[in-house]
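Working notes, beginning with the structure itself.
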Amino acid sequence: MSTNLTATIVTDTLYFNRGGFPAVDSTTFPACAWNSSTLYSPLNQPFQLFPGDQLALTVINTDTAAHSFVIKGLAIPSLLIAALGTANDTFSFATAGIYIYYDSLDASLYSYLGAAGMIAIEPKQPDGRFFWNFHEFSKQWNIAADSGITPGWNNFDPDYFTVNGSSYPFIDDDSTAKVTGATGDTIFIHCANTGLSVHSVHFHGYHCRVVFSSKDSIQVNWYKDSFPLWPGETAILEIVPDKPGLFPVHDHNLMAQTGNRYYNHGMMLIMKIQ
Amino acid sequence: MKTAILFSALFLLSICGFSQQTVKDTIIMRNISAKTMWDGHVMNVYGFGPDIGTVPVPGPTLICNEGDTLNIFTLNISQGSGHTIHPHGMDVPQNMDGVHETSFEITHMMDTNLIWVATQAGTYIYHCHMASVLHVQMGMYGSIIVRAAGGAKTAWTGGPAFDKDCLWLMSEMDSYWHDSLPGSAFWEDDFQVPPYNPGYFLINGLSKAQLNDASVAISAKVGEKVYLRLSNIGYYMNEVILPSSLSPVILVSDGRPLPVSIPGDTIRLVPGERYEVMLTPSQEFPFTAQVRYLDMNNLEVHEVEYVPITISGVIGREESFSEKRGIKVWPNPASESVKIDVGNFPTNEAIVEIRDISGILIQSTPFPMAATREFMIDLSGIPSGIYSIGIRSRSFAEFRKLIIQ
């Protein structure tokens with residue numbers, strides 16, 4: 001993960017990879033992602049900067065098809081990366097928020113297949129920060145899309161639900177996702193919905209304060225225990241724990257807590273506050 | 001000396017401002033019961049009941065005041081199934097959170113007392129958090145209403161006042177889950193559920209014609225402030241569309257006052273979310289609210305339920321508006337025209353009105369001076385839908401529901 005405490009330009013390299021998505025029930029299906037190395041991982045590399053910083057990115061395409069690199073919310077042309085090619089650009093971020101980066105080619109098909117991550121521009125330095133990239137898959141859709149068949153977008157019925165490419169209990173092994181901290185800490189949770197479904201992010205134990213919402217700015221400074229995260233939208237949620245404990249956070253569409261309809265293998269993780 | 005006495009008096013007043021008490025309740029957990037739906041279909045359900053013999057879905061609404069302690073005696077009689085009770089949104093400590101992975105499980109024939117402190121007025125939910133995708137669908141949920149301190153009829157302690165409050169708890173039921181799954185199976189994690197295709201869309205456990213029940217339908221008077229508590233325990237998104245003539249204002253979400261209240265007649269709730277809305281009716285009318293149920297994966301609207309909201313008279317006045325004067329409307333449903341018989345309604349300077357379910361005037365026709373008690377109204381140009389048709393004079397108004405096909 002890239003961080004920036006004092007520098008104004010963050011330099012990094014991102015790789016577009018194809019691979020086999022390792023589902024929670026040990027099946028695999030075709031997927032893709034933006035990773036920090038040439039090795040496919042379902043975890044799209046997150047970035048964190050502050051307002052005024054710049055991200056100097058080299059993007060390397062390990063695929064035999066062309067791909068694009070787009071940052072939603074920035075008024076810039078998309079970066080086109082030829083098959084097995086390389087492109088680079090420097091991106092400036094003036095305001096705080098969460099920006100989704102993704103491949104927009106083929107009606108965002110590759111974004112659906114998993115190639116979408118986030119860039120978090122934090123309004124201030126928190127005591128702790130975590131990244132939640134919500135994404136769901138239909139195994140049959142992934143297989144069809146990888147074969148060149150366009151899915152019927154209106155009939156989306158996913159069977160695997162992930163945060164940062166993992167499902168419960170494996171989400172708890174991801175240190176960028178599992179919220180840890182102490183009472184009184186100011187903790188930022190950077191949320192991006194890179195999938196197609198609406199998710200309801202429900203917190204046990206604490207209410208969160210909405211610091212940023214790309215969909216509804218009117219919700220800033222609302223205190224919520226169940227936050228709606230729409231497809232393509234992002235949010236910064238702040239918790240300041242008032243008590244210690246282990247508390248779940250999960251999608252309250254409880255079908256999204258399943259993997260291939262097995263419970264409890266979907267969008268859930270357990271916060272640990274000391 | 002006088003200053004010390006004054007400070008002592010003020011201190012005593014401050015600590016005695018609102019007495020906080022322990023509110024006791026009983027919840028019996030069951031996994032063998034039945035619920036009759038609006039069409040007569042009988043579903044197997046799980047649930048929470050106030051006693052051993054009763055298992056309503058939803059479970060009983062728990063009510064207390066801000067600052068109270070809820071002491072819930074719970075007993076599980078479920079033929080081997082474990083259950084929990086999670087107080088959704090109340091931010092209780094881990095040991096009372098009701099999640100079996102992190103706090104506790106109440107096994108068959110075990111009883112315990114759950115102690116929750118209601119720290120903030122608002123609308124909350126309680127539900128089983130054991131195999132929750134199954135147990136919630138099967139009916140193990142209910143509502144918690146925490147009133148303002150002292151039981152004041154205000155949105156929050158010190159907040160805006162209301163005259164009456166109403167609760168709508170939305171959910172869905174898929175009959176295949178209820179009819180095919182064994183009563184005592186799947187009490188552990190790592191089980192597979194069927195695809196979710198609900199066919200029943202509920203408000204307080206009721207739907208369709210059942211929504212005329214007083215537990216859902218709203219009756220109020222002009223000028224009366226109605227506080228509507230909206231809550232979603234289903235797996236679908238709800239879109240609640242209220243008549244704009246009721247001047248709805250959103251005040252609270254998830255038990256927390258909004259920084260700025262929001263006027264708005266359309267409220268979306270994702271699963272687990274709650275909203276509290278102040279209604280201030282300004283005209284008497286038989287309104288209808290819509291509650292839509294949308295699939296979270298593709299936003300397809302699977303069902304729309306309609307809830308009557310009847311506004312009559314004026315607070316403190318004799319209810320002369322509600323006195324039925326026998327108007328009749330036929331045919332109903334109608335298509336190109338409809339007849340209205342005004343009974344003994346005074347027709348001097350009367351107007352026949354057709355309004356949509358939001359109360360918006362669609363068509364008005366002066367009642368002909370020379371007409372008999374019957375009068376034909378042309379409906380051409382009015383789209384199909386649900387409307388109200390009636391007659392209004394200086395002193396009286398009476399309406400009937402009209403379906404135009």
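The values are calculated or read from the model by the stated rules, or taken from the named source; none is laboratory data. All values reported here derive from a predicted model rather than from experimental measurement. We place every Cβ from the backbone using ideal geometry, glycine too, and count neighbours over all the protein chains shown. Accessible surface is based on the protein model in full, side chains and every heavy atom, while ligands, DNA and RNA are left aside. Shrake-Rupley method; radii C 1.70, N 1.55, O 1.52, S 1.80 Å.
Matching residues to (1) in a loop (DSSP other than H, G, I, E, B); (2) closer than 26 Å to B:ASN65 by Cβ; (3) within 12 Å of another protein chain (Cβ to nearest Cβ):
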position	(1), (2), (3)
B:GLN79	yes, no, no
B:ASP91	yes, yes, yes
B:ASN95	no, yes, yes
B:SER103	yes, yes, yes
B:HIS108	yes, no, no
B:LEU114	no, yes, no
B:GLN120	yes, yes, yes
B:TYR124	no, yes, yes
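Candidates are the residues of region A:162-203 that are open to solvent by 10 Å² or more (accessible area, probe 1.4 Å) and among the aromatic types (Phe, Trp, Tyr); the one that is farthest from the other protein chains (Cβ to nearest Cβ) is A:PHE170.
For (1) at pLDDT 95 or above; (2) touching a Ser or Thr at 6+ places or on another chain (Cβ under 8 Å); (3) open to solvent by less than 10 Å² (accessible area, probe 1.4 Å), each residue gets a yes or a no:
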| residue | (1), (2), (3) |
| --- | --- |
| A:ILE71 | yes, no, yes |
| A:LEU105 | no, yes, no |
| A:TYR110 | no, no, no |
| A:ALA115 | yes, no, yes |
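Would a scan of region B:260-269 turn up a residue that is open to solvent by 10 Å² or more (accessible area, probe 1.4 Å) and more than 14 Å from chain A (Cβ to nearest Cβ)? Yes, there is a match, as at least one residue in region B:260-269 is open to solvent by 10 Å² or more (accessible area, probe 1.4 Å) and more than 14 Å from chain A (Cβ to nearest Cβ).
Of the residues making up region B:27-66, those that are over 16 Å from B:HIS83 (Cα atoms), in contact with a helix residue (DSSP H, G or I) (Cβ under 8 Å, 6 or more places away or on another chain) and assigned to a strand (DSSP E or B) are B:MET43, B:ASN44, B:ASN65.
Looking for whichever is open to solvent by less than 50 Å² (accessible area, probe 1.4 Å), in contact (Cβ under 8 Å) with a residue 60 or more places away in the chain, more than 10 Å from chain B (Cβ to nearest Cβ) and more than 17 Å from B:VAL270 (Cα to Cα) here; the options are A:ILE236, A:ILE273. Which one fits?
Working: A:ILE273 fails: more than 10 Å from chain B (Cβ to nearest Cβ).
Only one candidate passes the filter, namely A:ILE236.
So how many residues does region B:219-242 have that are within 27 Å of B:VAL136 (Cα to Cα) and either within 14 Å of chain A (Cβ to nearest Cβ) or β-branched (Val, Ile, Thr) (or both)? Residues flagged as within 27 Å of B:VAL136 (Cα to Cα) and either within 14 Å of chain A (Cβ to nearest Cβ) or β-branched (Val, Ile, Thr) (or both) within region B:219-242 amount to 12.
Collect the residues in region B:321-362 that are of a type outside the set (D, E, K, R), assigned to a loop (DSSP other than H, G, I, E, B) and modelled with pLDDT of 85 or more, keeping them in residue-number order.
Taking region B:321-362 first, the residues of a type outside the set (D, E, K, R) are B:321-322, B:326-327, B:329-335, B:337-338, B:340, B:342-348, B:350-352, B:354, B:357-362.
From what is left, the residues that are assigned to a loop (DSSP other than H, G, I, E, B) are B:326-327, B:331-333, B:335, B:342-348, B:350, B:357-360.
Result: B:PRO331, B:ASN332, B:PRO333, B:SER335.
Looking only at region B:196-245, residues that are among the aliphatic types (A, V, I, L, M) and open to solvent by 10 Å² or more (accessible area, probe 1.4 Å) come to 6 in all.
Only one of the numbered conditions (1) closer than 17 Å to A:THR90 by Cβ; (2) in a strand (DSSP E or B) is not met by A:TYR15, and that is (1).
Annotation: B:GLU284 fulfils all but one of (1) at the interface with chain A (Cβ under 8 Å from one of its Cβ atoms); (2) more than 28 Å from A:ARG209 (Cβ to Cβ); the unmet one is (1). Check whether at least one residue in region B:287-310 is crowded, with 23+ Cβ neighbours inside 10 Å, more than 8 Å from chain A (Cβ to nearest Cβ) and more than 23 Å from B:GLN210 (Cα to Cα), and report yes or no. No, every residue in region B:287-310 fails to be crowded, with 23+ Cβ neighbours inside 10 Å, more than 8 Å from chain A (Cβ to nearest Cβ) and more than 23 Å from B:GLN210 (Cα to Cα).
Close Cβ contacts (under 6 Å, 6 or more residues apart or on different chains) running from residues in region B:206-235 that are under 17 Å from B:GLY264 (Cβ atoms) to residues that are at pLDDT below 95 and β-branched (Val, Ile, Thr) are absent.
One line per residue, one yes/no per condition, for (1) at pLDDT 95 or above; (2) open to solvent by less than 30 Å² (accessible area, probe 1.4 Å); (3) in the same structural domain as A:ALA235 (by TED's automatic domain parsing):
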| residue | (1), (2), (3) |
| --- | --- |
| A:TRP34 | yes, yes, no |
| A:GLN45 | yes, yes, no |
| A:THR62 | yes, no, no |
| A:HIS67 | yes, yes, no |
| A:ALA94 | no, no, no |
| A:ILE100 | yes, yes, no |
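In region A:117-155, the qualifying residues are those that are aliphatic (A, V, I, L, M) and surrounded by fewer than 19 Cβ atoms within 10 Å (Cβ to Cβ), and the one that is modelled with the lowest pLDDT is A:ILE149.
Among the residues of region A:218-227, is there at least one that is aliphatic (A, V, I, L, M), free of Cβ contacts under 8 Å to residues at least 40 places away in the same chain and either at the interface with chain B (Cβ under 9 Å from one of its Cβ atoms) or on the phi < 0 side of the Ramachandran plot (or both)? Reasoning before the result, please.
Looking only at region A:218-227, we keep the residues that are aliphatic (A, V, I, L, M), and these are A:218, A:220.
Add one more test, that the residue is free of Cβ contacts under 8 Å to residues at least 40 places away in the same chain, and what stays is A:218, A:220.
Still in the running and either at the interface with chain B (Cβ under 9 Å from one of its Cβ atoms) or on the phi < 0 side of the Ramachandran plot (or both): A:218, A:220.
The answer is yes; a qualifying residue exists.
Once region A:239-254 is narrowed to residues that are at the interface with chain B (Cβ under 7 Å from one of its Cβ atoms) and touching a residue at least 12 places away in the same chain (Cβ under 8 Å), the residue that is most open to solvent (accessible area, probe 1.4 Å) is A:LEU246.
Within region B:52-78, restricting attention to residues that are among the β-branched types (Val, Ile, Thr), at pLDDT 95 or above and open to solvent by 30 Å² or more (accessible area, probe 1.4 Å), which residue is nearest to B:VAL216 (Cα to Cα)?
Residues of region B:52-78 among the β-branched types (Val, Ile, Thr): B:52, B:54-55, B:57, B:61, B:63, B:69, B:72, B:74, B:77.
From what is left, the residues that are at pLDDT 95 or above are B:57, B:61, B:63, B:69, B:72, B:74.
From what's left, open to solvent by 30 Å² or more (accessible area, probe 1.4 Å): B:61, B:63, B:69.
Details: B:THR61: 14, B:ILE63: 17, B:THR69: 28 Å.
If we take residues in region B:52-78 being among the β-branched types (Val, Ile, Thr), at pLDDT 95 or above and open to solvent by 30 Å² or more (accessible area, probe 1.4 Å), then B:THR61 is nearest to B:VAL216 (Cα to Cα).
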